[in-house]
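Enquirer: Take this structure first; my questions come after.
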Amino acid sequence: MTQQAENNTTYLWFDYETFGANAIKDRPAQFGAVRTDASFNVLGRPIILYSQLADDYLPSAGASLITGITPMTLLEEENVMTESDFAESIYQQMIKPGTISIGFNSISFDDTVTRFLFWRNLIPPYTREKGEGRGRFDLFPFIKALYAFYPDTLNWPKREDGFVSMKLENLSKANGLSHEHAHDASSDAYATMLLAKLICQKKPKIWEYALTISRAENLVKLMSEQAPLLYVDPFRTHERSRGLRPVFPLMESPSIKGTWVCWDLNADPSAMMTISAEDMKTRLFVKAEGREKGVEPLPFVMINLKKQPFLVRGIGWVDKNGKGLFEHDAAYFLANAQKIREMKDRIPALNSLFAELAEKDSQRFDNQVVIPEEHLYFNNFPFSDRDKMTNFRKLSPMEMAERLPTIGYTKDELIRLTLYFMARNWPEETLEPDTEAQWRKYKMQKLVNGYGGSRTFEEFFSEIDELEKQYADDEAKLQILEEVREYGENLLADYQG
């Protein structure tokens, strides 16, 4: 029995279907989940939830073509919820002690959807990720690590270009797993569970290690040892090394909390002695066109611990199991690691170079327009405000309307966040003439003027026009597009009356 089972841990396998690909701006349509124990036995019934679409937002028609869900079909769903109730139901599932919430590519998308869904609805965005045995895990980076270290574990489907496909639906099919309805949240959640179960059956120790190393405290401990590591670079899985990079942790980034600056041990560390501020500016991040012009990127590797990178101690694997994947042997990488240890006095100067570069970059965001429900990552709010938001949620809609003028936040922006929360969920019960006018003006700014980068009516209908041309002979897709257009036209009529 694993340690997780002994601690009564349960896995909540989950997925969203959304009305667009922007995890911060776009809204969820469906949530699907299945809970299992640590031995993958299903507990209870599958969870399928639908959320109403508020009228301060326009969806992407392309997303509806993928999922088959349109704003009009949501109007016909018997169990569709206000977004507030939708968010609360998900929160209660994820907040249960011992729950590890697991998705497929969830760190890059679903976790962000969850945080901003909770934030818009005055729910603590991070509580479900830690405390009382809770956690989160993304199967997708682990799949890439499995391909890098133990490719014989699964059958790997190929794309048309000959590279391995790591899409959930393709992996499920290639390995004989049930995945009846791709891009249906409940089906995707169940397929994620089956894939993980198969991996655990074949490589139980690797599965347990992946869960353990995914926790932030364990990753920090690993980095702090400042010894050579093998890192699975998620952007290099199609290269000769299958994404494996020998690295040496140098320091935590002075500007990006949770990100560590490492040195790629393929490169001679002696180069660190002469890196200048100009080198940092021109060579830290080099795009493809720069590489084509001969600009060599600096061999720093930035590893964000919040994204659950897959890291293992030791370089011996390079010779024992990884022969042919690397240009150099383990001795070469160990020699470079020793050079770095002998150059530890250079680290403070590198720290200053990174800090100076970050200060210049931060100026780009000084005048950025961010709407309240998308402001989560830009400011830290006092705990007193967070407590007020939590308590405000407990009120009835009528009590909310009475309480809003005297809520007493320390930041005025939270007043707008709270007003918009009320207006999206209970406009008739909570809005007075003055707040209704404020809400209408805000919607006009977003949907007509594109405030904060919001999708406008012009962009919305333009996308539909293009898709209708593209799928002119596909009746099923045209029907979906017609429903999405009808929703937009109904919404637009409210601004033309």
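Enquirer: Most exposed first by the Cβ proxy, i.e. fewest other Cβ within 10 Å, how do VAL484, VAL301 rank?
Expert: VAL301, VAL484
Enquirer: Under a 5 Å amide H to amide H cut-off, with H placed in plane at 1.01 Å, what residues pair with ASN105 once short-range neighbours are removed?
Expert: LEU139, PHE140
Enquirer: Given q = 0.19, 0.20, 0.22, 0.24 Å⁻¹, what are the Debye log10 I(q)/I(0) values for region 170-245, with equal point scatterers placed on the Cα positions and solvent ignored?
Expert: -1.03, -1.07, -1.11, -1.13
Enquirer: Further question on the same structure: Hey, could you get me the Stokes-Einstein D for region 6-58, Kirkwood radius over alpha-carbon pairs, 37 °C and 0.692 mPa s, rounded to whole µm² s⁻¹?
Expert: Answer from the Stokes-Einstein relation: 254 µm²/s.
Enquirer: Then there's this: Please arrange ASP474, ASP152, ASP26 by how many other C-beta atoms lie within 10 Å of their C-beta, fewest to most.
Expert: Exposure proxy ranking, most exposed first: ASP152, ASP474, ASP26.
Enquirer: Once you treat every alpha carbon in region 98-252 as an equal point and sum by Debye, what is log10 I(q)/I(0) at q = 0.09, 0.16 Å⁻¹?
Expert: Rounded to two decimals, the profile gives -0.33, -1.05.
Enquirer: Based on the Kirkwood radius over alpha-carbon pairs, what value in µm²/s does the Stokes-Einstein equation return for the translational diffusion coefficient of region 375-448 at 4 °C and 1.567 mPa s?
Expert: 100
Enquirer: Could you name the lysines in cross-link range of LYS388, using Cα to Cα under 21 Å and dropping any fewer than eight places away on the same chain?
Expert: Cα-Cα hits under 21 Å: LYS411.
Enquirer: For the chain, what does the helix formula give at 222 nm: sum of -39500 (n - 2.57) over DSSP H segments with n ≥ 4, over the residue count, nearest 500 deg cm²/dmol?
Expert: Here the helix-only value at 222 nm equals -13500 deg cm²/dmol.
Enquirer: Do any GluC sites (Glu not before Pro) in region 60-129 lie in a loop, going by DSSP, with at most 12 other beta-carbon atoms within 10 Å of their beta carbon, and if so which?
Expert: Answer by residue number: GLU78.
Enquirer: Per residue of region 337-353, in order, report the coupling 6.51 cos²θ - 1.76 cosθ + 1.60 (Karplus, θ = phi - 60°) as ³J(HN,Hα) in whole Hz, putting x for Gly and Pro.
Expert: Per-residue couplings from phi come out as 4, 5, 4, 5, 4, 6, 10, 4, 5, 7, 4, x, 5, 5, 4, 5, 5 Hz.
Enquirer: While we're looking at this one, here's another question. Kindly flag which residue pairs out of LYS257/LYS281; LYS130/LYS197; LYS167/LYS446; LYS130/LYS446 have an alpha-carbon separation exceeding 29 Å in this structure.
Expert: LYS167/LYS446; LYS130/LYS446
Enquirer: Another question, then. Considering every pair of different Cα atoms, what Kirkwood radius, in Å, is found for region 223-365?
Expert: Taking every pair of different Cα atoms in region 223-365, averaging 1/r and inverting gives 16.0 Å.
Enquirer: Let me ask something additional. So what's the Cα pair-distance distribution over region 372-496, bin width 5 Å, in %?
Expert: 2, 9, 16, 16, 14, 13, 10, 8, 6, 4, 1, 0
Enquirer: Could you list MET302, MET343, MET280 in order of exposure, starting from the residue whose Cβ has the fewest other Cβ atoms within 10 Å?
Expert: MET302, MET343, MET280
Enquirer: Measure up LYS96/LYS203; LYS306/LYS477; LYS158/LYS293; LYS144/LYS443 against 30 Å on the Cα-Cα distance and list the ones that go over.
Expert: From LYS96/LYS203; LYS306/LYS477; LYS158/LYS293; LYS144/LYS443, over 30 Å: LYS306/LYS477; LYS158/LYS293; LYS144/LYS443.
Enquirer: Right, here's the next one. Please tell me the relative contact order of region 223-365 in percent, rounded to the nearest whole number, where contacts are Cα pairs under 8 Å and at least six residues apart.
Expert: After rounding, I find 29 percent.
Enquirer: If you don't mind, another one. Using DSSP to define loop residues, name the chymotrypsin sites (Phe, Trp or Tyr not before Pro) in region 375-424 whose beta-carbon has at most 11 other beta-carbon atoms within 10 Å.
Expert: PHE378
Enquirer: Treating the Cα atoms of region 3-210 as identical point scatterers in vacuum, please give the log10 of the normalised Debye intensity I(q)/I(0) at q = 0.07, 0.09, 0.12, 0.13 Å⁻¹, two decimals.
Expert: For region 3-210, the Cα-only Debye profile gives -0.21, -0.35, -0.62, -0.73.
Enquirer: To check my understanding: the extent here is largest minus smallest coordinate of the Cα atoms along each principal axis. What are those three numbers for region 271-342, in Å, largest first?
Expert: If we take the Cα atoms of region 271-342, the spans are 39, 30, 27 Å.
Enquirer: What list of ³J(HN,Hα) values in whole Hz, one per residue of region 145-160 in order, does the Karplus curve 6.51 cos²θ - 1.76 cosθ + 1.60 (θ = phi - 60°) give from phi, with Gly and Pro shown as x?
Expert: Once θ is set to phi - 60°, the couplings for region 145-160 become 5, 5, 5, 6, 8, 9, x, 7, 5, 10, 7, 10, x, 10, 7, 5 Hz.
Enquirer: Label point 7 Å out from GLU429 along Cα-to-Cβ: which residues of region 383-423 have amide N under 18 Å?
Expert: Counting only backbone N, you get 390-405, 418-423.
Enquirer: OK, next. Just the C-alpha atoms of the chain: what Rg/Rh do they give, with Rh taken as the Kirkwood radius?
Expert: Ratio of gyration radius to Kirkwood radius for the chain: 0.98.
Enquirer: Now for a different question. Convert each backbone phi in region 317-324 into a coupling constant with the Karplus relation 6.51 cos²θ - 1.76 cosθ + 1.60 (shift: θ = phi - 60°), then list the ³J(HN,Hα) values in order as whole Hz, x for Gly and Pro.
Expert: Per residue, the Karplus-derived 3J(HN,Hα) values read 4, 4, 8, 6, 10, x, 4, x Hz.
Enquirer: Any chance you could get the radius of gyration and Dmax over the Cα atoms of region 410-470, in Å?
Expert: 15.1, 51
Enquirer: Would you please give the FRET efficiency between ALA216 and ASP474, computed as 1/(1 + (r/R0)^6) with r the Cβ-Cβ distance and R0 = 30 Å, to the nearest 0.05?
Expert: 0.05
Enquirer: What's the FRET efficiency of SER384 with GLU327 using the Cβ-Cβ distance as r and R₀ = 51 Å, to the nearest 0.05?
Expert: That pair, SER384 with GLU327, gives E of 0.35.
Enquirer: Further question on the same structure: So if R0 is 35 Å, what FRET efficiency would GLU466 and VAL370 give, r being the distance between their Cβ atoms, rounded to the nearest 0.05?
Expert: Approximately 0.75, to the nearest 0.05.
Enquirer: Need one number: nm distance between label points at ALA271 and LEU43, each 7 Å from Cα along Cα→Cβ, rounded to one decimal.
Expert: Each label point lies 7 Å from its Cα, and together they span 5.0 nm.
Enquirer: Grab the Cα-Cα distance for GLU278 and GLU436, subtract it from 0.36 nm times how many residues apart they are, and report the gain in nm with one decimal.
Expert: 51.6 nm
Read-outs: derived from the displayed coordinates by stated rules, not from any lab. Owing to the predicted nature of the structure, the values given are computational and were not obtained by experimental measurement. Cβ atoms come from the backbone with ideal geometry, glycine included; neighbour counts cover every protein chain shown.
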